Amino acid sequence: MASIEENFPRGGIQKKPSEKTGKAPKPTTEQDNLFDVRHEEQSQKRKRNQEDLGKRKKFKADRKADTHCVLFLFSQHLCEGMLLLGCIKEVSDFELVISLPNGLTGFVPVTQISDAYSKMLSKQVAQGELLEDLHSLLDMYSPGMLVRCIVTSVEKSADGRRSIKLSINPKNVNKGLHASALTSGMLLSGFVSSAEDHGYLIDIGVNGTHAFLPRQKAQNYIKAVKRGQNLNCVIEQVKNEGRIVRLSVDRSEVAASLATEQQNWTLSNLLPGLVVKAKVQKVNPLGISLTFLSSFTGIVDFMHVDPDKSMNYSPNQVVKACILSVHPTSKVVRLTLRQSFLNPGGSPNQLSNDRMGAVVEESTVKAFYKQFGAIFELDDGTHAFARLKHLSKNRKSFKPAAFKAGCKHKCRIIDYSLMDEMCILSLKYQVIGARFLQYQDIHTGDVVQARVLALKPIGMQVKVTDGIKGLVPSLHLADVILKQPEKKYNIGDEVKCRVLECNPAEKKLFLTLKKTLIQSKLPILSKYEDAEPGLITHGFVVCAREFGCIVKFYNDVKGLVPKNELSAEPISCPDKVFQEGQVVKVMVLKCEPEQERLLLSFKLSSMSASEGKTVSNTLHPSMVDVKVLKKKENGLEVSILEDEGNVIASLPTVYLSDFVANCKLLWHCLQEGDVLPRVMCLSDKGDRIILCRKSAVISALQEEQVVRNFSEIQPGMLLTGYVRNVMHFGVFVEFPFGVTGLAPKSMSDKFVTDTKDHFVVGQTVIAKVMSTDEEKQRVLLNLKVSECSSGNPAAESFSLLNQYFKEVKEIRNLLKRRESGIARSLCELMPGKELQLVVQDVKEDGSALFSGSCVKGLTVTATRYHLGGRQLTENSQHSAIVQHIAEEFAIVSLETGQLAAIPIASHFNDTFRFDSEKLKVGQTIYATLKMVKVNDHGVVLAVQDPAKKNVFVRVRKESETTLEEMLAAAVTHSLSVGDIVTGTVKSVKPTHVTVAIDDKLTGSIHASRILDEVPIDSFPTHTLKAGQKVTARVIGGRDVNTHRYLPITHPHFTRSIPELSIRPRSYTVFLFVCFVSSQYNVLKNWLEVEVTPDVRGRVPHLMLSPSTKVLKHPEKNFKNGQALSATVTGTGVTETNLFLSLIGIPSLQQSTITVGVIAKMIPHVGLTVTLPGGKTGKVSIFHLSDKYTENPLSDFKVGKVVRCYILANENGKIQLSLRQSRLNPRNSSKVEDPEITSTKDVKKGQLVRGYVKSVTPSGPKKQTKKEKELEKQKKEKELCKLEAALMDPSRQPQSADDFDRLVLSSPDSSILWLQYMAFHLQATEIEKARAVAERALKTICFREEQEKLNVWVALLNLENMYGTEETLMKVFERAVQYNEPLKVFQHLCDIYANSEKYKQAEELYHTMLRRFRQEKSVWLKYASFLLKQGQTEATHRLLERALKALPTKEHVDVISRFAQLEFRFGDTEHAKALFDSTLNSYPKRTDIWSIYMDIMIKHGSQKEVRDIFEKVIHLNLAPKKMKFFFKRYLDYEKKYGTEETVLAVKTAALEYVEAKSSLADA
């Protein structure tokens, strides 16, 4: 394709016919595909093939106009090393966003600015503080600046988009330039490298060249030259073959600069941004081909033709052009003819802010390019470009005919290309109608739909639109903090968010997923100026401290709720009441916008009337009348009449009644305008009041059988609530005031396969509180009817039935008013109403058909059984046949012919029946009448009698059997006691294991029936796993409904749940071990345990342990299923409830020590203490402490657990003492105020302190003058005696004051400080010991490094023994900071090893090996540690690592030391091998020989020692060293050998001397 080569050569010098083969070029046809990228980069082989193809093909003459290969630039055309001219579009802290030709965008990281700037960044990071002369990118660059770039990489993301990474570093951009190629007049870009006295050094990226910019010239055009700043420079002068150049930044010179042939530009160093004079070669609608610098060719695409002259270009016309890009391999040069780029140093035209995102109703097509897009003319006359993909929704819907010149379209401006000076358009209707196009379109408080992109530790990344991404912080993922958000959200999920903060400049968007904030209709508080006093809005708690709560709103607006404004009732610990992230409704009290101070309140009493009632209803549910406004799918929208209809509320369908069947009926019957009286305000969620009409919930509230907050909940409570949610693992139940609890699947009398079969959302239930978790604010509930009922099922079921028919009467009255026709007739028909009917037919079975005007359209029948009968009486029992079954009741006919209604459920929670338990039409049952007077519904009320068997009668022919026995509810079995069964473990609970014996029958193994010998504190049930096969013996059974233990003689034993045992030795042997059955009951102060399946027990608080630590937190020390050894102290009434003790029978004899709980504090008298066994004792004020204090009761409070010493126990009165001298007599610390029990304890001259016991009316006796004088002399003698004692140097310190005096005299002595610490530790005063250590570290002189290190080591020991791992690490980090790190590491390793914390020690050694790998001592110390642990193989591997890490000169010494350690703690044979191999390699190391000899003399045999000496004396060593070894050998033989061995050594020495003499003579 010669024409393509001629018209648009691939860069380089234009070829002439003579340069080829001398032949004239053959005429060829031209290509239609002008922008095909394949023409830019292809092999020579491909070129030849195309040329051959061009010779064969012939095209029509009408294709001449658009046959030139002008390439449009796509991101896939870019490659590494391509040079481009770009324009800065955006500037951020860490990157520049660059606009590139043809609408492309690239990014320059902060590390690709220049080498000098990168060095300064690295220096700042290393120093950790800001550098004064390091300017940010925002200070040096601004949008609109033109920069030269080079492509460093083009990365393709997962969604198929390409990210273009660029560099403006002159070292990369100007890499094609060499010093020798530099000439005057060249236009280069450079960066300020440094400031000198007379100017600036400029980095132009040319190796071996120093560029200098005179200060005077620079200051004329640049106000402040900054280091790292980009400058357009013109070379003024070149010296020393380009090694030194002088630059100019004169704007006129830069603007007028022109690349000329004299500057010797080549294709390898041609730079973008150069302005050249060019000659038009060919003109085409898609672009123009040019020649420039005499021999170079280039192309101008249709977007870079000057719009004012686009139709006026002609061949051979001379124009000015600016180079846009240079391809590194094909050398294709692209240029622009736009005026903004023809004056270097200028900047392109920019778009006004109000046009971005604007919708243009009519834009006219100017030109359409089928492979790239279309050029449009906008309403303001400017041109814009739309890429092909933005012309239609997809390729299928694209119609080229719609884009002929002159066609008009609606479009939207989605971007602006600075390098093309054109708006970028989109014609897609979804883009035109999009709510958000850029960050500027998003406003605080907007509710948006987003898609989940990723879950990260800081939160969830979401995508709002293609160009807008946001972050939902982890605090805002839900109304509560989620620990595992990945379980709630999946990547790709659509979520509804609300904008918390939007910063378009930094492209940062923060959103929230808190439903309360999203649904809130209260005003948005996004700036302090909007916070007017009285404003009520929603916020979220970010901090709760003792001073109050900090609440945050939108746009980082935050305020303080002081402690006194948290609630109407005082709150002592706000951090326990309010949680971080909790959404709250607050009222503004005061705001100071200038200081950004905001004062808030949670007390909303001062707001407007309607709002006030809303909140008061939330805090204190009350009864209101409401009017129906609108019926919705899931409920009613009503207005509260008490608020004059201003307050709108919601009454969900499921809250209309306690009975699920009536809820739907009521919703159907109620119409707009109906008034409902006595409806309860249940809650206020997100500005939406929720109402409730459940009579059971209302009754519970009126009877105060509710809890208002979590703190009021206690185990054992029965609470009325409603099902909030039904999950596969259990049911969530909500109560009034918003408290919610979970009832697991196991909390039912029957086996639950699917919870949805048992409960529905909104259903009323009564729940029993089983346990609470204050830390996690969780409540565990029980819905078993056996646990939650009052014990009288007949009364309960009758009450439910009565309430049901009351509601049915209300529904009937509503239907009478509303319905017409048959429905109205049915409502007016009541059982018991007399009718005038005509018999129509009598059937064979005796039944009759009737008709009449009052029953028109209805079928009326009467069976032969309804004959009338006797008078009914209350509580009489009757046989009845089931005629009809509804959801809540069944209609039965009595033998008297009357109808009765019986309840189906006996309790709110009785919601599930097996098929065998369900009533069936025709079934005969026995019923007890409860109301014989016919009620408004025409039926008498009765309850089912469970005492007699029910029979089933189905509709039958005369020949069929009339009665069939009903199947029993429980699975019957033929097992008896002693039978051996095999089953599979189904589930493992703390106190029992459920075993599946076959498909229908399950058994239970109690914790006491698993092991013969139960280890104390173990969990026997944990020895079995789900799915495990077990063989067990039947030992009893449990009742199906109540789970109570049944004896083998019980008549229902064959229908019970078998109780099993797998104890191997004997199935009857019984050891007295009990098992914890539930958590410690804080309310009752006892621990509930199970001894056997039918024997339970309670352990009172003080019987749990003799340790005060355990008694302070019993709930942490006893777990469900834990085995305990107990002593029986008494039995209950039934003898199956035991009173137990875990400490044996408590002995309260004189001189014994026990534990107690302070029950009462009496000022000036003492304490009353509750003791084990329920007894009480008295502690006198004189026996509270060994030290006199001004306020002796200040350290005590009611409920505190204390250790007591029993002074006396006489006549039931127990006297106690809390003195440490009584409780810890071995404690050596001195008693400041000793106990005085008699006059013998007082010595003459003794100083005593105490408390006044009583004061007589006469007062104290008056002293005489002589007595006063004697007392004065006595005090002086005592003082002299005390001073003499203090001056005695041999006296040991006895008190803190003594130590204070000593350390004052010798402040740098670490021994004294350590003794001071030990003094406090003996008295278990840990904090005081810590304080002494901190004083020592501050007091000891900084030069005394060893003394300070001693204190640090003592402090590490203290934290290791008495502190936590966290406190130890904090001290360790400080010690490393202030001491030589290696010593501190080594001391901590020793501390860990001495305290047998081997795992921590090993981890620390690994850290040391990484940090101090060049330290020989570290390797040796770790080797010693490993050998002491018996890890010889690990030591061998460690030696190999040590030899790799340490210098070669240290190897011999290290091997020797390892061998010595092996001799002491490890393998002696391996140690010998180490020594032998070392000495074979280094035979002249006499020091190693000596060490080896010493060790072998100590540990080896005489033969081995002699072998070593023999080796040494035959070495060729210096005579002085040989003399030393011979002497050692002789001494050894004299000590351990015989005369012969001594003589042999002497002979050998003589031979050595003679050999040396003869050698010397020779």
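The values are calculated or read from the model by the stated rules, or taken from the named source; none is laboratory data. Just so we're clear, the structure is a prediction, and the values are computed from it rather than from any experiment. Positions of Cβ are backbone-derived with ideal geometry, glycine not excepted, and every protein chain shown enters the neighbour counts. We work out accessible area using only protein heavy atoms, side chains counted, and drop any ligands, DNA or RNA first. Shrake-Rupley method; radii C 1.70, N 1.55, O 1.52, S 1.80 Å.
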Legend entry - Candidate lysines - alpha carbon under 17 Å from LYS1268, same-chain residues fewer than 8 apart omitted: LYS1244, LYS1277
Inset, instruction - Please list, or write none, the lysines whose alpha carbon is within less than 23 Å of the alpha carbon of LYS156, excluding same-chain residues fewer than 8 places away. - result: LYS89, LYS165, LYS389, LYS456, LYS463, LYS469, LYS507
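Given charges of +1 on the Cβ of Lys and Arg and -1 on the Cβ of Asp and Glu, with all other atoms neutral, how large is the dipole of segment 297-360 about its Cα centre, in debye to the nearest 20? It would help to have the intermediate numbers written out before the result.
Working: 6 positive and 4 negative charges, 37 e Å.
In total the dipole reaches around 180 debye.
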Legend entry - Euclidean distance between Cα centres, segment 429-452 to segment 1081-1120, Å: 60 Å
Legend entry - For CYS549, distant residues with modelled amide H under 5 Å away: VAL561
Legend entry - Separation of the ALA454 and LYS507 label points, Cα + 7 Å toward Cβ, nm: 1.5 nm
Inset, instruction - For SER906, enumerate residues with amide H under 5 Å from its amide H, sequence gap 5+ or separate chain, H modeled in the peptide plane. - result: none
Inset, instruction - Return the distance in nm (one decimal) between the two label points of a simple spin-label model at GLN595 and ASP1298, each offset 7 Å from Cα along Cα→Cβ. - result: 5.6 nm
Inset, instruction - On the protein heavy atoms, probe 1.4 angstrom, tell me the percent of accessible surface of segment 1427-1562 carried by carbon and sulfur. - result: 54 percent
Inset, instruction - Order the peptides 146-154, 72-80 from the highest to the lowest mean number of other Cβ atoms within 10 Å of their residues. - result: 146-154, 72-80
Legend entry - Unit charges at the beta carbon, dipole of segment 146-202: most positive-side option, ALA158, ALA195, ASN174: ALA158
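May I ask you to compute the full-extension gain from ARG215 to TYR1398, defined as 0.36 nm times their residue separation minus their alpha-carbon distance, rounded to one decimal in nm? Don't skip to the end; give the middle numbers.
Details: separation 1183, 0.36 × 1183 = 425.88 nm, distance 6.76 nm.
Once the chain is fully extended between ARG215 and TYR1398, it gains 419.1 nm.
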Inset, instruction - Any of LYS1119/LYS1178; LYS1428/LYS1511; LYS521/LYS631; LYS1527/LYS1556 with alpha carbons more than 28 Å apart? Name them for me. - result: LYS1119/LYS1178; LYS1428/LYS1511
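First measure r as the distance between the Cβ atoms of THR740 and LYS563, then evaluate 1/(1 + (r/R0)^6) with R0 = 22 Å and state the FRET efficiency to the nearest 0.05.
Working: r = 27 Å, r/R0 = 1.25.
Once rounded, the FRET efficiency stands at 0.20.
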Inset, instruction - Enumerate the residues in segment 368-402 having an amide nitrogen under 19 Å from the point lying 7 Å beyond the Cα of GLU361 toward its Cβ. - result: 377-382
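Sorted by accessible area with a 1.4 angstrom probe, largest first, how do LYS487, LYS1527 fall? Intermediate results must be reported in sequence, preceding the final value.
Working: LYS487 155, LYS1527 125 Å².
The residues order as LYS487, LYS1527, largest area first.
So for each of 1112-1122, 460-470 I average, over its residues, the number of other beta carbons within 10 Å; can you give me the resulting order with the highest mean first?
Details: 1112-1122: 15.3, 460-470: 19.2.
Those peptides, ordered most packed to least, come out 460-470, 1112-1122.
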Inset, instruction - Compute the FRET efficiency between ALA256 and GLU580 as 1/(1 + (r/R0)^6), taking r as their Cβ-Cβ distance and R0 = 51 Å, and round to the nearest 0.05. - result: 0.20
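Give, in nm to one decimal, the length gained when the segment between GLU703 and ALA195 is fully stretched (0.36 nm per residue of separation minus the Cα-Cα distance). All intermediate terms of the calculation are to be shown ahead of the outcome.
Details: separation 508, 0.36 × 508 = 182.88 nm, distance 8.59 nm.
Taking 0.36 nm per residue and subtracting the Cα distance, the gain is 174.3 nm.
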Inset, instruction - Give the long-range amide H neighbours of THR297: residues separated by 5 or more places, or on another chain, with amide H under 5 Å away, using H modelled in the peptide plane at 1.01 Å from N. - result: GLY11, GLY12, PHE292
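How big is the dipole moment of segment 151-205 about its Cα centre under a simple scheme where the beta carbon of each Lys and Arg is +1, that of each Asp and Glu is -1, and everything else is neutral? Debye, nearest 20, please. Mind showing how you got there, number by number?
Working: 6 positive and 5 negative charges, 92 e Å.
Charge dipole of segment 151-205: 440 debye, to the nearest 20.
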Legend entry - Ranked by how many other beta carbons lie within 10 Å on average, peptides 1510-1520, 226-236 from highest: 226-236, 1510-1520
Inset, instruction - With a point put 7 Å past each Cα toward its Cβ, work out how far ARG1464 is from LYS664 in nm, to one decimal. - result: 8.6 nm
Legend entry - Inter-part distance where segment 1419-1437 and segment 98-155 are each reduced to a Cα centre, Å: 52 Å
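Could you give the length gained on full extension between GLU155 and VAL1231, defined as 0.36 nm per residue of separation minus the Cα-Cα distance, in nm? Walk me through the numbers on the way to the answer.
Values: separation 1076, 0.36 × 1076 = 387.36 nm, distance 7.94 nm.
Result for the pair: 379.4 nm of gain on full extension.
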Inset, instruction - Could you work out how far the C-alpha centroid of segment 1466-1541 sits from that of segment 314-329, in angstrom? - result: 90 Å
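Mean separation of Cα pairs under 8 Å and 6+ residues apart, divided by the residue count of segment 127-178: what relative contact order is that in percent? Don't skip to the answer; put the middle values down first.
On the way: 36 pairs, mean separation 14.0, N = 52.
Once normalised by length, the contact order is 27 percent.
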Legend entry - Derived scalar couplings ³J(HN,Hα) [segment 1091-1106; Karplus, 6.51 cos²θ - 1.76 cosθ + 1.60; whole Hz; x for Gly, Pro]: 9, 9, x, 10, 10, 10, x, 10, 10, x, 3, 6, 9, 7, 6, x
Inset, instruction - Could you go through segment 1201-1211 in sequence order and give the Karplus-derived ³J(HN,Hα) for each residue, using 6.51 cos²θ - 1.76 cosθ + 1.60 with θ = phi - 60°, rounded to whole Hz, and x for Gly and Pro? - result: 8, 9, 8, 10, 10, 7, 7, 7, 9, 10, 6
